[in-house]
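Read through the structure below, which is laid out as structure tokens, and then see the notes.
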Amino acid sequence: MSSRYQDALESPGLLLWLATLRWQRLMRSTLRPHGLTHVQFVTLASLWWLTEHGARPSQRELADHAGTDLTMTGQVLLALERRGLAVREPDSQDARIRHPGLTERGRQVLLRALPEVEEADSLFLEPVSDRAGLTQGLRELTSKGRRPGVPG
């Protein structure tokens, strides 16, 4: 058996994995003072983004926007609801549909955490941010249906 790489650190996949682990540790430490896990932050931020842009998302739409599993999104929303950071209101037409929303407390927690997360992202990505197309390249890597046979 052989590899195309002479050194493991030539593997883009391994490097992406290692960078992701470092970034996740940074996010955990950035969010800890706010009492949020990363998935809670992403859920709140996605909910804020969607509602700020005129949507009244269902739990499914929120999960799709955040790129999270529907069941996990429901569990995260329940935890946020218990802490008074989010609410889930039933749809007036369909009792199976829940519309999550931010409470004022949830909005305040998010708006305190958001600039710190954005600054941590900026500092973490600074070594590669001057390269053209970083954001576009990441979009391509995360877009569904990017390549046939590759799970999206």
*Answer yes or no as to whether Leu102 is surrounded by fewer than 14 Cβ atoms within 10 Å (Cβ to Cβ) and farther than 23 Å from Ser143 by Cβ.*
no
*Could you tell me which numbered condition Trp48 fails, if it satisfies all but one of (1) surrounded by 13 or more Cβ atoms within 10 Å (Cβ to Cβ); (2) more than 23 Å from Ser143 (Cα to Cα)?*
(2)
_Among (1) part of a helix (DSSP H, G or I); (2) touching a residue at least 40 places away in the same chain (Cβ under 8 Å); (3) more than 15 Å from the chain's Cα centre (by Cα), there is one condition Leu78 misses while meeting the rest; what is its number?_
(2)
*What tally of residues in segment 51-73 results from selecting those that are in contact with a strand residue (DSSP E or B) (Cβ under 9 Å, 6 or more places away or on another chain), modelled with pLDDT of 95 or more and not polar (S, T, N, Q)?*
1
_Checking the structure you have, find out if any residue of segment 8-21 is modelled with pLDDT of 95 or more, in contact with a helix residue (DSSP H, G or I) (Cβ under 9 Å, 6 or more places away or on another chain) and of a type in the set (A, V, I, L, M)._
no
*Those residues of segment 32-49 which are within 13 Å of the chain's Cα centre (by Cα) and not hydroxyl-bearing (Ser, Thr, Tyr), in sequence order*: Leu36, His38, Val39, Gln40, Phe41, Val42, Leu44, Ala45, Leu47, Trp48, Trp49
*List, please: which pairs have Cβ atoms under 9 Å, are six or more places apart or on different chains, and start with a residue in segment 1-13 that is without any contact (Cβ under 8 Å) to a residue 60 or more places away in the chain and end with one that is among the basic types (Lys, Arg)?*
Glu10/Arg4; Ser11/Arg4
*When segment 19-67 is examined, which residues are found to be farther than 21 Å from Pro90 by Cβ and not in a helix (DSSP H, G or I)?*
Gly35, Leu36, Thr37, His53, Gly67
*Out of the residues in segment 125-146 that are more than 26 Å from Asp64 (Cβ to Cβ) and either in a helix (DSSP H, G or I) or touching a Lys or Arg at 6+ places or on another chain (Cβ under 8 Å) (or both), which is modelled with the lowest pLDDT?*
Ser129
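The values are calculated or read from the model by the stated rules, or taken from the named source; none is laboratory data. Just so we're clear, the structure is a prediction, and the values are computed from it rather than from any experiment. As a convention, Cβ positions derive from the backbone with ideal geometry for all residues, glycine included, and neighbour counts pool all protein chains shown.
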